[in-house]
Amino acid sequence: MKLASLKNHTHDGKLVVVAKDLKSYKAVPDISPTLQCALDDWANIAPKLEAVYTQLNAGDAQGAEPFDQAKCNSPLPRAFHWADGSAYVNHVELVRRARGAELPATFWQDPLIYQGGSDSFLGPHDNIELASEDFGIDFEAEIAVILSHTQMGAPKDQVDSNIKLLMLVNDVSLRNLIPAELAKGFGFYQSKPSSAFSPVAVTPDELGTDWCDGKINLPLLSTLNGQAFGTPDAGVDMTFNFYELISHAAKTRPLTAGSIIGSGTVSNKSPDGGPGKAVTDGGKGYSCIAELRMIETINYGKPKTSYMQYGDQIQIEMLDKNGASIFGAIKQELVPYVRADNKGN
């Protein structure tokens, strides 16, 4: 099943069921007005949504309309909880090296996770508005899961059924703000602005055997300004799967229905075990600019690629084995932020 939230006059959007081919949708106000409402009563609501999904795919859904990804909010335009992990330790190692920080050995045994802002997610086709290019603006292509209510202390072998939906993420990072912020010893805040999620969230069964053991075993595609930037396989080099991330997050607190857990930046090593190579060099590339800059530093003594500049466009997508888009595409342009009181309003 595929679900989306269309933009309307509310903060939480309008829940719609989307056809498998992403060509049509049907609004379901009689079943659930928002995705959060559906998640709050998933056991009762999900079968009704599934029935509409079946009708859509058969071409029998009355009231179906053409689906336009540009009219979507993130599936959850705001959420009670958003926690992002760093399941791909290869990525963590590279970006820490880029800022001269050692990687503790414990990072390979104990997941990293931080709680991000969840009150203002961007739509998947919304501009990324930021006040200065000097922030070191970077995209991060990731995967995320949406949970049903998860009990505190839930063990990793018992959380599979808590994963109700899967999405893609652009977890925007402000690289030049991170070192000073982390040096305070209190975690990310200003360096992590609003994230964006894919137009569509899908139930795990949509992925068939490509969803296995808490991982999606498909490439995650990042395209920067029309050029392929990264094609790493999300199932490879994932040190901690989603079951482990969820159990870690729930160690000392319950996770309410609608909580979102992210994978962190998808990252692959090269076949010889070293850092991955750029797409232009025949490798699988990267899911963020910071990794490429680190490789350039290793090879040339300093980075050659700049972080995102105004006008840059990022696209993040995942295709099934037949080449069809699973989640739709995150398509965003970086633009200057202008305060409302300076817009002539």
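Between Lys321 and Ala51, take the C-beta separation as r, use R0 = 22 Å, and let me know the FRET efficiency to the nearest 0.05.
0.20
Suppose R0 equals 30 Å; then what is the FRET efficiency for Asn8 and Thr305 from their Cβ-Cβ distance, rounded to the nearest 0.05?
FRET efficiency, Asn8 to Thr305: 0.15.
Quick check for you: with a 1.4 Å probe and neighbouring chains kept, what is the accessible area per residue of the chain, in Å²?
Per residue, the chain has an accessible area of 45 Å².
Using a cut-off of 13 Å between beta-carbons, work out the net charge of the residues near Ile260 (Lys and Arg +1, Asp and Glu -1, Ile260 not included).
-2
Return the distance in nm (one decimal) between the two label points of a simple spin-label model at Ala58 and Tyr189, each offset 7 Å from Cα along Cα→Cβ.
5.4
With a/c under 1.5 counting as rounded, go ahead and sort region 40-116 into rounded, prolate or oblate using the C-alpha gyration tensor (a ≥ b ≥ c being the square roots of the eigenvalues; past the cut-off, prolate if a/b is larger than b/c, else oblate).
Prolate.
With each pseudo-label sitting 7 Å past Cα toward Cβ, what's the Tyr337-Ala101 distance in nm, one decimal?
Placing both labels 7 Å along Cα→Cβ, they lie 2.2 nm apart.
Determine, from the Cβ-Cβ distance of Asn217 and Ala70 and an R0 of 35 Å, the FRET efficiency 1/(1 + (r/R0)^6), rounded to the nearest 0.05.
Step by step, r from the Cβ atoms, then E = 0.75.
Rounded, prolate or oblate: which fits region 264-345, taking a ≥ b ≥ c as square roots of the Cα gyration tensor eigenvalues, rounded meaning a/c under 1.5, else prolate when a/b beats b/c?
Verdict is oblate for region 264-345.
Rounded to two decimals, what is Rg over Rh for the chain when you use alpha-carbon atoms and the Kirkwood radius?
0.96
For region 249-345, what % of the accessible area comes from carbon and sulfur atoms, probe 1.4 Å?
48
Using the charge dipole of region 110-258 (Lys, Arg: +1 at Cβ; Asp, Glu: -1 at Cβ; taken about the Cα centre), state which of Gly116, Thr256, Pro219 has its Cα farthest towards the positive end.
Thr256
What is the percent carbon and sulfur in the accessible area of region 1-77, measuring with a 1.4 Å probe over the protein chains and ignoring ligands?
On region 1-77, the fraction of accessible area on carbon and sulfur atoms equals 51 percent.
Taking a quarter of the surface of the Cα convex hull of region 1-133, what do you get in nm²?
Spelled out: convex hull of the Cα atoms, projected over all directions, averaged, 11.4 nm².
Rg (Å, one decimal) plus Dmax (Å, integer) for the alpha carbons of region 200-345?
18.0, 57
How far, in degrees from 0 to 90, does helix 89-98 lean away from the longest principal axis of the Cα atoms of the chain, to the nearest 10?
Value to nearest ten degrees: 40.
Treating the beta-carbon of each Lys and Arg as +1 and of each Asp and Glu as -1, no other charges, what is the dipole magnitude of region 221-345 about its Cα centre, to the nearest 20 debye?
In debye, rounded to 20, region 221-345 gives about 280.
Under the rule of -39500 (n - 2.57) per DSSP H run of 4 or more residues, summed and divided by the residues of the chain, what mean residue ellipticity at 222 nm is obtained, to the nearest 500 deg cm²/dmol?
So the calculated ellipticity at 222 nm is -5000 deg cm²/dmol.
Under the √(5λ) rule applied to the eigenvalues of the Cα gyration tensor, what semi-axes describe the equivalent ellipsoid of region 79-153? Give them in Å, descending.
Computed over region 79-153, the values are 24, 23, 10 Å.
Determine how large the accessible area of Glu129 is when every protein chain is in place; take a 1.4 Å probe and give Å² rounded to the nearest 10.
The accessible area comes out at roughly 90 Å².
The values are calculated or read from the model by the stated rules, or taken from the named source; none is laboratory data. Owing to the predicted nature of the structure, the values given are computational and were not obtained by experimental measurement. All Cβ positions, even for glycine, are placed from backbone atoms using ideal geometry, and neighbour counts span all protein chains on display. For the accessible areas, the whole protein counts, side chains as well, though only heavy atoms, and no ligand, DNA or RNA atoms are used. Shrake-Rupley method; radii C 1.70, N 1.55, O 1.52, S 1.80 Å.
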